[in-house]
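Each remark here refers to the structure printed beneath this line.
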Amino acid sequence: MEDNKITDCNDSLDSFPDSEFIRELELAVQDLLWISESEYPFQVVYWHDSDELSQENLLQHYGYNPDTQVAIKDLASFFNSATTEQEWHNEEEAAEVKRYQFLVGLLTNNLHNIQVYRLGAVEIDVYILGETAHQAIAGLFTKIIET
């Protein structure tokens, strides 16, 4: 997937009814990396002109082949390892767990019908998307490497 397919939320953000939530989301993921076999940042996604959230709409919106392998997970299971405090965590790791807990709370408090879409295999595009109160689709994009 090309980077330019991610919706740029900064373009006239003030005109969107969800602008405050989008700003909070951008701050929450600033310098936060999703760690798999590689580290990727999160990008905020916002579709203010969307119908409903579905696998078909996601594939079409970003120009994926309709035959793209898609796995859907729930939010809690996707973020489980990142939001679970461990006894052996150092101060920095504990602070990161708190950031992820805050991020999950921000998503669940502002979005309904949240789904985590994993597209592809090995180099996996991940969309964490839900519907806003203003009938838009919002969430996050990142990549995962799994070999």
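The values are calculated or read from the model by the stated rules, or taken from the named source; none is laboratory data. Every value quoted in this text rests on a predicted model; they were computed, and no experiment measured them. Quick reminder, even Gly has a Cβ in these numbers, built from the backbone with ideal geometry, and neighbours come from all protein chains shown. Keep in mind that these areas ignore ligands, DNA and RNA; they rest on the heavy atoms of the full protein, side chains included. Shrake-Rupley method; radii C 1.70, N 1.55, O 1.52, S 1.80 Å.
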Exercise for the section: Considering only residues that are over 15 Å from ILE145 (Cα atoms) and of a type in the set (Lys, Arg), look in region 97-124 and name the one that is most open to solvent (accessible area, probe 1.4 Å). Expected result: LYS98
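Taking region 125-147 as the search range and keeping residues that are part of a strand (DSSP E or B) and more than 19 Å from LEU53 (Cβ to Cβ), which one is least open to solvent (accessible area, probe 1.4 Å)? Quick ask: steps written out before the conclusion?
From region 125-147, those part of a strand (DSSP E or B) are 125-131, 137-145; that's our starting set.
Next, only the ones that are more than 19 Å from LEU53 (Cβ to Cβ) stay: 143-145.
On the way: LYS143: 35, ILE144: 6, ILE145: 27 Å².
Out of the qualifying residues, it is ILE144.
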Practice task
Could you list, in sequence order, all residues of region 25-40 that are open to solvent by less than 70 Å² (accessible area, probe 1.4 Å) and either more than 13 Å from the chain's Cα centre (by Cα) or in contact (Cβ under 8 Å) with a residue 40 or more places away in the chain (or both)?
Solution key: LEU25, ALA28, VAL29, LEU32, TRP34, SER36, SER38, TYR40
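Name the single residue that is least open to solvent (accessible area, probe 1.4 Å) among those in region 58-95 being part of a loop (DSSP other than H, G, I, E, B) and touching a residue at least 12 places away in the same chain (Cβ under 8 Å). Even if it seems obvious, please write down each step before you answer.
Applying the first criterion (part of a loop (DSSP other than H, G, I, E, B)) to region 58-95 yields 62-69, 74, 84-90.
Cutting the leftovers down to touching a residue at least 12 places away in the same chain (Cβ under 8 Å) gives us 62-64, 68-69, 74, 84-85.
Working: TYR62: 4, GLY63: 54, TYR64: 41, THR68: 34, GLN69: 118, ASP74: 82, THR84: 48, GLU85: 101 Å².
Only one residue tops the list, namely TYR62.
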Handout entry: Some residue of region 41-57 being assigned to a loop (DSSP other than H, G, I, E, B) and more than 24 Å from ASP18 (Cα to Cα)
Key = no
